[in-house]
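Take a look at the structure below.
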Amino acid sequence: MNIINIIEKKRDKKLLNKNEIDFFIRGILDESIADYQTSSLLMAIFLNGLNDEETYYLTKAIIDNGEYVDFKGIDSAILDKHSTGGVGDKVSLILGPILASMGYKFLKMSGRSLGFTGGTLDKLESIPGFKVNQSDEWIKKTANDLGFFIISQSENIAKADKILYALRDVCASVDSIPLIASSILSKKFSFRNDSLVIDVKCGSGAFMENIDKARELCKTMLAISKAFQRKTTCIISSMNKPLGKRVGNNLEIIEVIDFLKGNYKDYDDLYDEINHIVYELILNIENVEYSFVKEKIKNVLDKGYAFEMFLKFVHNQGGDISYIEDINKFDKAKFETEILADACGYLSSYKLKDIAKTLNELGAGRLKKEDIIDYTVGLINEKNIGDKISKGDLLFTIRSNKELNSSQIKLLKDSIVYTDKSVKDKHILEVIK
Ligand code: URA
């Protein structure tokens, strides 16, 4: 077997078999296949696709050539959730304490994200002392006792995906459904989980900008999940406005605290999403009604159990809980820049990638792996989709330690899309299983 024949086959729109895909993944790990050959094959896949069987073989080869975490010794069901990435997405940080306080195990191992979407690990690290790297001993103990952690996954999980993703990123082949599906699922299925919900974000602040592409990704991921005999549900949720009200690392932690303290009614989109994800996660392992689950969620929020669980979780991972008890302790950025509307009409969507790009330039995210994050940088949103906007209205406030320049201010003002009729956005667009 040789890699040139495999590239030729895909170039000529032929199907690859399991042995060829295994050969490819082993070759990129032992470096017998050069980066330029991997890039050619990725481009051939980008152009000519992979069918579900090929995508399954690719996912399986990545998993089998990396580390697998089986959470041995844990008898109860393990729930897990993945988001394809959005702006202001703090769902896992709210979901975990709710599920754990309802008695379910939520054991999440995350990777770090790059680009326009924020990373859960970075948000958590904005709490002084919080540790995302933990020993095997700690993982075992916490899985059994608290039943809830969010930690960094080992470098050896889905090792081949890291090489593939880095090359896709620089050779214009990120945006391919089978490559995205195998990338996501190889990481998710390198751990035991008994129920998985994948939140596929759709809209201006997401990889999937339209519903047809989001559906196609869900269909592929569900076919692959079935082949692995995993219980997976996909939720397509709208990403045309920042999720919740705040974007940025410590600002999102502050929002999570506010939500868990019982002010969840202030965050319609987040609350709706939490209710649906919790329900679908539980439905994969037991027969329940949506209204019953919703009531249980409301109960753990209203009684303060979810907030107490968040405190325990932060404490258990070394975080200073005095910050959670008193949010005024969090550092605050030097500048507050109000972005005012310079047009009028009804708000129809936000150009979220422009907003995220500006926040990243100001230090909220990483452009390169080595970049250092400024946890205090972010945005506080004042408007909702469908709102009537008059010239001069406050749209949102930017918090930063560098002053915004005029082109950044213009880009932010222009990031609002107006229409002449008020159209409300539906947040949960579809549930597919
Ligand atoms: N998220 C991933 O993990 N991989 C992709 O390819 C795209 C989004």
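Structure data summary
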| item | result |
| --- | --- |
| q = 0.06 Å⁻¹: log10 I(q)/I(0) that the Debye formula gives for the chain, counting C-alpha atoms only | -0.25 |
| Region 348-433 - Rg (one decimal) and Dmax (whole number), Cα, Å | 15.3, 47 |
| About the Cα centre, charge dipole magnitude for region 328-433 (Lys/Arg +1, Asp/Glu -1 at Cβ), debye | 280 |
| Kirkwood Rh, angstrom, region 234-393 [1 / mean 1/r, Cα pairs] | 18.1 |
| Relative exposure of SER176, SER406, judged by other C-beta atoms within 10 Å (fewest first) | SER406, SER176 |
| Value of relative contact order over region 118-242, rounded to a whole percent, pairs C-alpha under 8 Å and six or more apart | 21 |
| Kirkwood Rh (inverse of mean 1/r, distinct Cα pairs), region 152-193, angstrom | 10.8 |
| Value of relative contact order over the chain, rounded to a whole percent, pairs C-alpha under 8 Å and six or more apart | 19 |
| Residues whose placed amide H lies under 5 Å from that of PHE191, excluding near-sequence neighbours | VAL69 |
| Bins of 10 Å from zero: percent of alpha-carbon pairs in region 321-365 | 19, 33, 32, 15, 1 |
| Sorted by Cβ density within 10 Å, fewest first, the residues PHE335, PHE310, PHE23, PHE189 | PHE335, PHE23, PHE189, PHE310 |
| Tail beyond 21 Å, pair distance distribution of region 1-134 (Cα, percent) | 59 |
| Cβ-placed point charges (K, R +1; D, E -1), dipole of region 257-313 about Cα centre in debye, nearest 20 | 320 |
| Exposure proxy ranking, count of Cβ atoms within 10 Å, fewest first, for LEU404, LEU243 | LEU404, LEU243 |
| Value of relative contact order over region 202-314, rounded to a whole percent, pairs C-alpha under 8 Å and six or more apart | 22 |
| Rounded to 5, the percent of DSSP beta bridges in the chain classed as antiparallel | 50 |
| Chain lengthening between ASP420 and PHE228 when straightened (0.36 nm per residue, less Cα-Cα) | 64.3 nm |
| Taking N as its residue count, the alpha carbon Rg of region 125-188 over 2.2 N^0.38 Å | 1.47 |
| All Cα pairs of region 151-267, percent lying beyond 25 Å | 37 |
| Semi-axis lengths, Å, region 210-250, gyration tensor of Cα atoms, sqrt of 5 times eigenvalues | 28, 14, 7 |
| P(r) histogram, all alpha-carbon pairs of region 21-70 included - 5 Å bins from 0, percent | 5, 19, 24, 27, 17, 5, 2, 0 |
| Debye intensity ratio I(q)/I(0), log10, region 110-218, q values 0.11, 0.15, 0.22 Å⁻¹ (C-alpha model) | -0.44, -0.81, -1.44 |
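Read the figures in this text as sums done on the coordinates, not as results from a lab. Small disclaimer: the values here were computed from a predicted structure and weren't measured. Cβ sites come from the backbone with ideal geometry, for glycine too, and all protein chains shown count toward neighbours.
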